[in-house]
Amino acid sequence: MKSDRLIYGLLALAVILTGTAAAPAATADAPRITKEEARALLGAPHVLFVDARTESTWSKSDRKIKGAVRIDKWDLQMWASSYPDDMTFIIY
């Protein structure tokens, strides 16, 4: 279910952005993948890489995943609803 994937992604994102586990039990359930697994999914039609860095951090970086979209963490739920239910989001 998209909302479950999105909630886990948001919780993982909260940990990444704040450095604290706001909901440890839920973030522990969030699926994790290795960089090798992620690399194998690049370009897959049902997978979208989401860069969740802040605008300033993202714009200063020379390291970006080709094809990834950058979104504001507060717009994630609204933004995700515009994609099909079978879309998998890899939030980093």
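Here are the numbers:
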item	result
Number of positions in the stretch 43-73 that are part of a loop (DSSP other than H, G, I, E, B), acidic (Asp, Glu) and touching a strand residue (DSSP E or B) at 6+ places or on another chain (Cβ under 6 Å)	0
Count of residues meeting criterion [outside any strand (DSSP E or B) and either in contact with a Ser or Thr (Cβ under 8 Å, 6 or more places away or on another chain) or closer than 17 Å to residue 36 by Cα (or both)] in the stretch 74-92	1
Those residues of the stretch 71-90 which are within 20 Å of residue 40 (Cα to Cα) and open to solvent by 40 Å² or more (accessible area, probe 1.4 Å), in sequence order	86, 88
Any hit, the stretch 21-42, residues being modelled with pLDDT of 90 or more, over 13 Å from the mean Cα position of the chain (by Cα) and part of a loop (DSSP other than H, G, I, E, B)	yes
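The values are calculated or read from the model by the stated rules, or taken from the named source; none is laboratory data. Quantities reported herein were computed from a predicted structural model and do not represent experimental measurements. Here Cβ is always computed from backbone atoms with ideal geometry, including for glycine, and neighbour counts include all displayed protein chains. With ligands, DNA and RNA removed, areas are computed over all heavy atoms of the protein, side chains included. Shrake-Rupley method; radii C 1.70, N 1.55, O 1.52, S 1.80 Å.
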